[in-house]
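In what follows, a single structure is set out as structure tokens and then discussed.
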Amino acid sequence: MDLTVERRDLRDAVRGLIARDTSPWRRLCDEIGVAGLAIPDRYGGAGAGLAEICVVMEELGRNLTPAPLLGSAVSHASAVQACGDAEACERLLPAIADGSAIAALAWTTRAGHWDVAEVGYRARDAGGRWELDGEAHYVLDGAAADILLIAASAPDGSTGLFEVDPRGDGVARAAVTAMDASRDLAVVRLTGAPGRRIGGDAAGPLAFARDQACVALSAEQAGAAKRALELTVGHLLTRVQFGQVIGGFQALQHRAADLYVLVESARSLSRAAASAADEAGADSDPDRGPRAAAAKVYCSEVLTKTANEMIQLHGAIGITWEHRAHRYLKRAHGGRYLFGSPARHLAAIAANLIDR
């Protein structure tokens, strides 16, 4: 699935900036406006869509560039926009759009299911104000976030979204050591923390945010797989064994060709899912969840396969700390379980097909 001219220009601009700067987030926001791509212009964004976000995510994935785009501008911003609270959008989205604030959505339990009916917090009415207790795990950029959005079960049995001051009373944040050191994750614990409810029932906005994040993550995984394959092919064309470059051996050519087919199909599926999501918008779409799940599962599997083959085809150097191959493998394993495991997504897809 080819990119439009505008998206190719966006890709080239992001790729060039990342190549020149090892910590490019601030410049990506100031010079290209990546944080506001999918945020409406009335809130300071570019009014583009998930497809443009995925172009950037592919480039971030290529070099495993640390950036809060997935958690702040996709997951959190999607939940806020879908909650239907115009005042909250006006208050929260401009700072996210210009990159001056990093936002985090704290939601899932230690099990890491990202299920709308399984949230890590409880909300109680404390004499006209909300107080929240509990903890969420795997919170993207949770330790550094300037804006914190909490998904909590309300006394009436519904799930609500609550804005909490991340530096306020009753809030404890702890960065966690993850397999993928380039992904910032945290545990956020609340003990009687005051919160401000935004919107109504949050089940729909949370599901929408998860689906958007799954598609964005699939683009990152496809980009990482593409780069891992490029590096592997480069090694096959330069490594000499038995008097010839190892890329001349037919068995290795077949393995590289198989990876190429997997990587290109992953990129196509991710881009198709992003385009379909933009066409549907935040409106009810029975195919949105299965489509996002399919992209996430397939791209997870492709990156895992490609990273494994990268290490195998590099030989002994592929398992050394100095070589970058282990970083792609760690990103693959970490991403597999972010926003729900492949097994849970596949079960959801199967259930959706059976219900039809």
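Karplus-based coupling profile of region 259-270, in residue order and whole Hz: 5, 4, 4, 4, 5, 5, 5, 5, 4, 5, 5, 4, with θ = phi - 60° in 6.51 cos²θ - 1.76 cosθ + 1.60 and x standing for Gly or Pro.
Grab the other residues whose beta carbon is less than 11 angstrom from that of residue 71, score K and R as +1, D and E as -1, and report the net.
Working: positive: 183; negative: 141, 184.
Local net charge: -1.
For the chain, the mean residue ellipticity at 222 nm estimated from helices alone is -16000 deg cm²/dmol, where every DSSP H run of n ≥ 4 contributes -39500 (n - 2.57) and the total is divided by all residues, rounded to the nearest 500.
Each residue in 254, 333, 76 was given a count of other beta-carbon atoms within 10 angstrom of its own, and listing them fewest first yields 254, 333, 76.
Cβ crowding within 10 Å ranks 8, 210, 324 as 8, 324, 210, fewest other Cβ atoms first. Counting only alpha carbon atoms, the long axis of helix 288-314 and the longest principal axis of the chain meet at about 40°. Summing Lys and Arg as +1 and Asp and Glu as -1 over all other residues whose Cβ lies under 15 Å from the Cβ of residue 326 gives a net charge of +3.
How large is log10 of I(q)/I(0) for region 184-271 at q = 0.12, 0.16, 0.22, 0.25 Å⁻¹ when the intensity is taken from the Debye formula with one equal scatterer per alpha-carbon? Treating every Cα as an identical point scatterer, log10 I(q)/I(0) equals -0.62, -0.81, -1.08, -1.18. Multiplying the residue separation of residue 98 and residue 250 by 0.36 nm and removing their Cα-Cα distance gives an extension gain of 49.7 nm.
Between the C-alpha center of region 309-340 and that of region 39-104 there is a gap of 28 Å.
Treat every Asp and Glu Cβ in region 204-355 as -1 and every Lys and Arg Cβ as +1, leave all other atoms uncharged, and give the resulting dipole magnitude about the Cα centre to the nearest 20 debye. Can you show the working numbers first?
Numbers: 17 positive and 14 negative charges, 122 e Å.
My answer is approximately 580 debye.
Counting only Cβ charges, +1 for Lys and Arg and -1 for Asp and Glu, the dipole size of region 103-201 around its Cα centre is about 160 debye. Which is farthest toward the positive dipole end of the chain among 244, 109, 213, measuring Cα position about the Cα centre, with Cβ charges +1 (Lys, Arg) and -1 (Asp, Glu)? Farthest towards the positive pole: 244. Ignoring lysines fewer than eight residues from residue 296 along the same chain, the ones with Cα atoms less than 16 angstrom from its Cα are 226, 305.
Between residue 146 and residue 346, the contour length at 0.36 nm per residue exceeds the Cα-Cα span by 68.6 nm. For residue 130, the amide hydrogen comes within under 5 Å of the amide hydrogens of 195, counting only partners 5 or more places away or on other chains and with H modelled in the peptide plane. Kirkwood radius for region 1-70, taken over all pairs of different Cα atoms as the inverse mean of 1/r, rounds to 12.1 Å. Taking max minus min of the alpha-carbon positions on each principal axis, region 246-313 gives extents of 52, 16, 12 Å, largest first. Computed over all pairs of different Cα atoms, the Kirkwood value for the hydrodynamic radius of region 103-201 is 13.3 Å. The residue list 48, 97, 64 was ranked by how far each Cα lies along the charge dipole of region 5-97 toward its positive end, using unit charges on Cβ atoms, and 64 comes out on top.
Find the percent of Cα-Cα distances in region 1-132 that exceed 19 Å, and round it to a whole number.
Details: 4787 of 8646 pairs.
When all Cα pairs of region 1-132 are counted, 55 percent exceed 19 Å.
Residues 232, 191, 238 in ascending order of nearby Cβ atoms (within 10 Å, fewest first): 238, 191, 232. Full extension of the chain between residue 178 and residue 196 gives 3.4 nm of extra length, using 0.36 nm per residue less the Cα-Cα distance.
Between the Cα long axis of helix 5-20 and the first principal axis of the chain there is an angle of about 80°, rounded to the nearest 10. Compared with the dominant Cα axis of the chain, that is its longest principal axis, helix 325-337 is turned about 40°.
Quick one: dipole size for the chain, taken about the Cα centre, charges +1 on Lys/Arg Cβ and -1 on Asp/Glu Cβ, in debye to the nearest 20.
Numbers: 38 positive and 44 negative charges, 251 e Å.
My answer is approximately 1200 debye.
With 20 Å bins beginning at zero, the pair-distance distribution over Cα atoms of the chain amounts to 31, 56, 13, 1, 0 %.
A short reminder: the numbers here are calculations on the coordinates, not readings from a lab. Fair warning: this is a prediction, and the values are worked out from it, not measured in the lab. As a convention, Cβ positions derive from the backbone with ideal geometry for all residues, glycine included, and neighbour counts pool all protein chains shown.
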